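A quick write-up on the structure given underneath.
Throughout, read-outs are computed from the coordinates displayed, never taken from laboratory work. Remember, it's a predicted structure, so these values are computed and weren't measured experimentally. So basically every Cβ, Gly included, is an ideal-geometry build from the backbone, and we count neighbours across all protein chains shown.
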Amino acid sequence: MIIWLILLIFALGIIQFRYKRRRMYELASKVPASSGQIPVLGIAHRLIGSTEHIMSTLETISYECITFGGTTTGWLGHILYFMLVDPVNIETVLKSCLEKDDLHRFIRNVIGNGVIVAPVPIWKIRRKVIMPALTPKIVESFIDIFATQTNVLAEKLEHSCGTGEFSVWPFINRYTLQSVCETALGVKLKAQDDPNVPFLTALNRVTNLLCERIFHLWLQPDCLYKLFRGKYTEHEKCRFTIRDFVGEVISRKRKEIAMNKTSKIETGLNILENYKDQTFLDLLIKSSGGDKGYNDVELREEILTVIIAGTDTSAVAIANTLVLLGKYPKIQEKVHEELSRVYEDSDRLLSKEDLPKLQYLERVVKESMRLYPPAPFLVRKVLRETALPSGHVLPAGSGVIISIWGAHRNPKYWGPDAECFDPDRFLPERMNLPHPCSYLPFSNGPRNCVGYQYAMMSIKGALSAILRRYKVIGTPEEGPIPRMKMKIDIMMKAVDDYHIQLQRK
């Protein structure tokens, strides 16, 4: 009798649950569903496996979405997700659905409420404080650091030149970390001299663990995740390593500012007046109100966000571009010709005047980021029913996956050669996309990436330093469509950790 009563209560609970969500089921039924969905799990079983398998599955769903006209649905357990690849619909979501999806809670557990993942009320305040510290004029003031570190990167690669195939990822990853730490924190970490930097090791591992937890339902509840002792222990160790490092830096910086008599800058003054020789952390402390501004936790959250975004995004873009140039020697030859013109075959360091002259290199980078966007997916939460221009309606309580991967390969907007690697598609006379959200490697809308100028400076600087000295040797592609096996560790990275060969020019 008791068993039957329990079953009855359980059945009534399910009926009530479904009745409350009847509008969601109704609207979902009007949108083509992704293939392979099963009761209860939805598409969760398709995401079981390695981060390479997860990325491959998400690519497949993105292509299905293109076939379905730009919108598809998929259930991850009891949570309904819509995937979008049409820029017209994407623009609506990026402007009206500003709240990040609940899946971001796992990332918040590591970095806190940094501006990228913060809930809207916190994000609005933080973004206003951060924007003045990332103006083009301030970013340009970091050029000497980039010039020095890109030169160090090129010198470090000398030891691997002519030795056969090797992974370039550790070198680039250490360069971006070193550059971010100097510009953002004022810390000379000497990461390029140490292949085993604890912070970087922890950062790379925790992003992999986070990705597994986001896509594997059984790892999501805290009580269950703690049962996986190995993963949980490693996760916590990485989390504390990352936080302790940044916390120590902030503590030292506050003491430094307090001892500096010239640091008494009134709140509200334009921080551009004395931005030179100051780091992002200096500017952030002052623009938030000095001693009365951000506390140490808030500073740590924003600095962690800057470090993680600045390290991985730039490193992935640099590495992808190098691999693609190895696959397409003729395109690489054009890059070498441009570098020879700009630098006149000298050994001088990069200057800010060089960057706008590297137009072909910039087109190569943009095309690399189109085909292989470092952050291939954005996930937003639908708080209220939202009508899309396509006619579909997103129900409250659902999530939206914006497939940048799919949008960048949508033939409706990029033409029949959308899969081809063609840097000249970014020539001014050819770059006439019918919608701005067709290309969004740094997102779009109010929550777009505030550091895109910083990232482009780092990317172009590193590539120019490497390609001035070396030629990338790879296996040429048989056709215009490049093939690279990717995995998703929050950012999208190559499975083989970017194996290339270098030859001295």
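When the Cα centres of region 317-359 and region 192-234 are compared, how far apart do they sit, in Å?
When both Cα centres are located, 36 Å separates them.
For K334, which lysines qualify as cross-link partners when the Cα separation must be under 18 Å and same-chain residues fewer than eight apart are set aside?
Straight-distance partners of K334: K357, K366, K460, K471, K505.
Sorting check: for 2-13, 311-322, 328-339, which peptide has the highest mean count of neighbouring beta carbons within 10 Å, and how do the rest follow?
The most tightly packed comes first, giving 311-322, 328-339, 2-13.
Counting Lys and Arg as +1 and Asp and Glu as -1, each charge on the Cβ, what is the dipole of the chain about the Cα centre in debye, to the nearest 20?
On the way: 66 positive and 55 negative charges, 280 e Å.
That gives the chain a dipole magnitude of about 1340 debye.
Exposure proxy check: T475, T305 ranked by fewest other beta carbons within 10 Å?
Fewest to most other Cβ atoms nearby, the residues stand as T475, T305.
Which of the lysines could a cross-linker span from K253 if the Cα-Cα distance has to be under 20 Å and same-chain partners fewer than 8 positions apart are dropped?
K253 reaches K188, K190, K261, K264, K276, K286, K292.
Rg over Rh of region 300-452, using C-alpha atoms and the Kirkwood radius, what does it come to?
1.03
Among T321, N204, V400, which residue has its Cα positioned farthest towards the positive end of the charge dipole of the chain, with +1 placed on the Cβ of Lys and Arg, -1 on the Cβ of Asp and Glu, and the dipole taken about the Cα centre?
V400
Can you compute the helix-only [θ] at 222 nm over the chain? Use -39500 (n - 2.57) per DSSP H run of at least 4 residues, normalise by all residues, nearest 500 deg cm²/dmol.
That calculation yields -16000 deg cm²/dmol at 222 nm.
Among the lysines, which fall within straight-line cross-link reach of K30, defined as a Cα-Cα distance under 29 Å, with same-chain neighbours fewer than 8 residues apart omitted?
Hits, sequence-local ones excluded: K20, K95, K100, K381, K412.
Measure of size requested: the Rg and Dmax of region 409-505, with Cα atoms as the atom set and Å as the unit; please supply both.
Answer for region 409-505, Rg first and Dmax second: 16.1, 44 Å.
Non-local amide H neighbours of L349 (under 5 Å, H modeled in plane, Pro and chain starts lacking H): which ones?
It is none; the list stays empty.
Quick one: which of 92-99, 488-495, 384-391 comes out on top by average Cβ neighbours within 10 Å, and what's the full order, highest first?
488-495, 92-99, 384-391
How long are the semi-axes of the ellipsoid equivalent to region 23-504, from square roots of 5 times the Cα gyration tensor eigenvalues, in whole Å, largest first?
34, 29, 22
Specify the inter-centroid distance of region 445-486 and region 385-399, based on alpha-carbon positions, in whole Å.
Each part's Cα centre sits 35 Å from the other's.
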